[in-house]
1. Quick one: of 72/98; 75/134; 98/134; 72/164; 80/103, which pairs are farther than 18 Å apart, Cα to Cα?
2. I'd like the Karplus ³J(HN,Hα) series for segment 126-133: coefficients 6.51, -1.76, 1.60, θ = phi - 60°, whole numbers in Hz, and an x wherever there's a Gly or Pro.
3. Jot down the radius of gyration and Dmax of segment 68-113, Cα atoms only, both in angstrom.
4. Stick to Cα atoms and the Kirkwood definition of Rh, then tell me Rg/Rh for segment 86-173.
5. With a 1.4 Å probe and every protein chain left in place, tell me how much accessible area residue 87 has, in Å² to the nearest 10.
6. State the answer as a single residue: which of 125, 97, 112 lies farthest towards the positive end of the charge dipole of segment 86-173, with beta carbon charges of +1 for Lys and Arg and -1 for Asp and Glu, about the Cα centre.
7. Below 14 angstrom from the Cβ of residue 124, what's the summed charge of the other residues (Lys, Arg +1; Asp, Glu -1)?
8. Whenever you get a sec, line up 41, 83 from highest to lowest accessible area (probe 1.4 Å, protein heavy atoms).
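The values are calculated or read from the model by the stated rules, or taken from the named source; none is laboratory data. These numbers come from a predicted model, not from an experiment. Backbone-built Cβ (ideal geometry, glycine too); neighbour counts: all protein chains shown. Ligands, DNA and RNA are stripped out before the accessible areas are found, and what is left, the full protein with its side chains, is counted by its heavy atoms. Shrake-Rupley method; radii C 1.70, N 1.55, O 1.52, S 1.80 Å.
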Amino acid sequence: MNKKFLAICTGLAFLLSGCSVWQSAVKSTFPYTTIITIPHSSADNVVLFTSATAKSFDQNFNKNGNNADKVKDVKIITAKIESEDPSDFNLGNLSMIKVYLAKTDGSEELLVASRTDITALVGSSLVLDIENTKILDDQVNEPNVSIRVEYQLRNHIYVNAHLKVVLGLRASP
(Lines give C-alpha, C1' and ligand atoms only; values in the text may rest on other atoms or scores of the structure.)
Protein backbone atom coordinates (compact mmCIF):
# COMPACT_ATOMS: atom_id res chain seq x y z
CA MET A 1 0.00 0.00 0.00
CA ASN A 2 2.75 2.48 0.95
CA LYS A 3 4.76 1.74 -2.22
CA LYS A 4 1.70 2.23 -4.39
CA PHE A 5 0.84 5.50 -2.63
CA LEU A 6 4.41 6.73 -2.98
CA ALA A 7 4.43 5.85 -6.69
CA ILE A 8 1.15 7.69 -7.26
CA CYS A 9 2.39 10.78 -5.39
CA THR A 10 5.66 10.78 -7.32
CA GLY A 11 3.87 10.45 -10.65
CA LEU A 12 1.43 13.19 -9.71
CA ALA A 13 4.30 15.50 -8.72
CA PHE A 14 6.02 14.97 -12.09
CA LEU A 15 2.77 15.53 -13.94
CA LEU A 16 1.99 18.73 -12.06
CA SER A 17 5.52 20.10 -12.40
CA GLY A 18 4.83 20.79 -16.08
CA CYS A 19 1.37 22.19 -15.48
CA SER A 20 0.87 25.95 -15.71
CA VAL A 21 -1.51 25.94 -12.73
CA TRP A 22 1.15 24.30 -10.59
CA GLN A 23 3.86 26.66 -11.84
CA SER A 24 1.75 29.76 -11.16
CA ALA A 25 0.96 28.52 -7.63
CA VAL A 26 4.63 27.89 -6.94
CA LYS A 27 5.71 31.25 -8.40
CA SER A 28 3.06 32.99 -6.27
CA THR A 29 4.21 31.23 -3.10
CA PHE A 30 7.95 31.89 -2.97
CA PRO A 31 9.16 35.52 -2.99
CA TYR A 32 12.26 36.82 -4.71
CA THR A 33 14.86 37.88 -2.17
CA THR A 34 18.27 39.49 -2.24
CA ILE A 35 20.65 41.27 0.09
CA ILE A 36 21.84 44.74 -0.87
CA THR A 37 24.64 46.62 0.81
CA ILE A 38 24.66 50.32 1.55
CA PRO A 39 28.29 51.19 2.24
CA HIS A 40 29.11 53.43 5.18
CA SER A 41 30.99 55.62 2.71
CA SER A 42 27.73 56.55 0.92
CA ALA A 43 27.08 60.28 0.73
CA ASP A 44 23.94 61.60 2.37
CA ASN A 45 21.29 63.69 0.56
CA VAL A 46 22.36 62.28 -2.82
CA VAL A 47 20.47 59.65 -4.84
CA LEU A 48 22.67 56.54 -5.12
CA PHE A 49 22.04 53.00 -6.31
CA THR A 50 23.16 49.45 -5.78
CA SER A 51 22.38 46.27 -7.71
CA ALA A 52 22.10 42.61 -6.83
CA THR A 53 20.76 39.35 -8.23
CA ALA A 54 17.56 38.06 -6.67
CA LYS A 55 16.45 34.46 -6.55
CA SER A 56 13.36 32.63 -5.50
CA PHE A 57 13.48 29.48 -3.35
CA ASP A 58 11.50 27.54 -5.97
CA GLN A 59 14.32 28.01 -8.50
CA ASN A 60 16.36 25.44 -6.58
CA PHE A 61 14.04 22.69 -7.81
CA ASN A 62 14.26 23.25 -11.54
CA LYS A 63 17.02 22.10 -13.85
CA ASN A 64 17.35 25.43 -15.68
CA GLY A 65 16.91 27.59 -12.58
CA ASN A 66 13.38 28.74 -13.30
CA ASN A 67 9.90 27.27 -13.48
CA ALA A 68 8.06 30.25 -14.91
CA ASP A 69 7.94 29.28 -18.56
CA LYS A 70 4.19 28.60 -18.43
CA VAL A 71 3.03 31.48 -16.23
CA LYS A 72 1.73 34.84 -17.35
CA ASP A 73 0.40 38.10 -15.98
CA VAL A 74 3.03 38.16 -13.23
CA LYS A 75 2.63 41.18 -10.97
CA ILE A 76 4.14 42.30 -7.72
CA ILE A 77 1.84 42.03 -4.71
CA THR A 78 4.17 42.81 -1.78
CA ALA A 79 7.50 44.49 -1.24
CA LYS A 80 9.43 44.80 1.98
CA ILE A 81 12.90 45.76 3.10
CA GLU A 82 14.44 44.54 6.36
CA SER A 83 17.68 45.15 8.22
CA GLU A 84 19.84 42.05 7.97
CA ASP A 85 23.18 43.20 9.41
CA PRO A 86 23.18 44.98 11.72
CA SER A 87 19.76 43.61 12.56
CA ASP A 88 18.80 46.78 14.42
CA PHE A 89 19.78 49.16 11.62
CA ASN A 90 17.17 51.92 11.47
CA LEU A 91 15.75 52.20 7.96
CA GLY A 92 14.84 55.76 8.93
CA ASN A 93 18.42 56.56 7.93
CA LEU A 94 17.00 56.41 4.39
CA SER A 95 14.81 59.24 3.20
CA MET A 96 13.85 57.50 -0.06
CA ILE A 97 14.09 54.06 -1.67
CA LYS A 98 13.03 52.72 -5.08
CA VAL A 99 13.25 49.09 -6.20
CA TYR A 100 13.54 48.12 -9.87
CA LEU A 101 13.25 44.61 -11.32
CA ALA A 102 15.02 43.67 -14.55
CA LYS A 103 16.19 40.72 -16.60
CA THR A 104 19.45 39.06 -15.58
CA ASP A 105 21.46 41.36 -17.85
CA GLY A 106 19.78 44.49 -16.42
CA SER A 107 17.59 45.12 -19.47
CA GLU A 108 13.84 45.79 -19.40
CA GLU A 109 14.02 47.40 -15.97
CA LEU A 110 10.71 48.29 -14.31
CA LEU A 111 9.96 50.15 -11.08
CA VAL A 112 8.14 47.69 -8.79
CA ALA A 113 8.23 49.34 -5.35
CA SER A 114 9.18 52.57 -3.65
CA ARG A 115 8.85 54.68 -0.55
CA THR A 116 9.54 58.38 -0.61
CA ASP A 117 8.15 59.38 2.79
CA ILE A 118 10.28 57.30 5.16
CA THR A 119 10.09 58.64 8.69
CA ALA A 120 13.27 59.04 10.73
CA LEU A 121 12.40 56.42 13.37
CA VAL A 122 10.75 53.73 11.22
CA GLY A 123 12.80 50.85 12.65
CA SER A 124 14.35 47.77 11.06
CA SER A 125 11.51 46.72 8.72
CA LEU A 126 9.63 48.71 6.12
CA VAL A 127 6.77 47.81 3.78
CA LEU A 128 7.14 49.52 0.43
CA ASP A 129 4.45 50.93 -1.84
CA ILE A 130 4.09 48.62 -4.85
CA GLU A 131 3.66 49.45 -8.51
CA ASN A 132 1.38 46.60 -9.55
CA THR A 133 0.18 47.86 -12.92
CA LYS A 134 3.18 46.42 -14.76
CA ILE A 135 3.43 42.85 -16.08
CA LEU A 136 6.72 41.18 -15.09
CA ASP A 137 6.55 38.09 -17.33
CA ASP A 138 9.75 38.83 -19.26
CA GLN A 139 11.75 39.48 -16.10
CA VAL A 140 10.73 36.37 -14.14
CA ASN A 141 11.17 34.01 -17.10
CA GLU A 142 14.92 34.47 -16.63
CA PRO A 143 17.00 32.09 -14.46
CA ASN A 144 17.65 35.04 -12.13
CA VAL A 145 16.37 38.57 -11.91
CA SER A 146 18.34 41.72 -11.37
CA ILE A 147 17.31 44.12 -8.64
CA ARG A 148 18.47 47.72 -8.67
CA VAL A 149 17.78 49.82 -5.61
CA GLU A 150 17.96 53.60 -5.64
CA TYR A 151 18.26 55.17 -2.23
CA GLN A 152 19.00 58.44 -0.52
CA LEU A 153 20.47 58.65 2.94
CA ARG A 154 18.99 61.14 5.36
CA ASN A 155 22.10 61.08 7.56
CA HIS A 156 25.59 59.63 7.29
CA ILE A 157 25.78 56.01 8.47
CA TYR A 158 28.80 54.58 10.29
CA VAL A 159 28.47 50.90 9.35
CA ASN A 160 27.85 49.00 6.14
CA ALA A 161 24.13 48.24 6.12
CA HIS A 162 23.09 44.89 4.64
CA LEU A 163 19.39 45.02 3.80
CA LYS A 164 17.14 42.19 2.66
CA VAL A 165 14.72 43.01 -0.16
CA VAL A 166 11.68 40.70 -0.37
CA LEU A 167 9.38 40.86 -3.41
CA GLY A 168 6.18 38.80 -3.45
CA LEU A 169 4.66 38.01 -6.83
CA ARG A 170 1.35 36.72 -8.16
CA ALA A 171 1.16 34.74 -11.37
CA SER A 172 -1.67 33.39 -13.49
CA PRO A 173 -1.58 30.04 -15.34
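1. Going by Cα-Cα distance, 72/98; 72/164; 80/103 fall outside the 18 Å limit.
2. 9, 7, 9, 7, 9, 10, 9, 8
3. When restricted to the Cα atoms of segment 68-113, Rg and Dmax are 14.4, 41 Å.
4. Working: Rg = 14.3 Å, Rh = 14.2 Å.
A ratio of 1.01.
5. 80
6. Of the candidates, 125 comes out farthest on the positive side.
7. On the way: positive: 80, 164; negative: 82, 84, 85, 88.
Within the 14 Å Cβ shell, the charges total -2.
8. Ranked from most to least accessible, the order is 41, 83.
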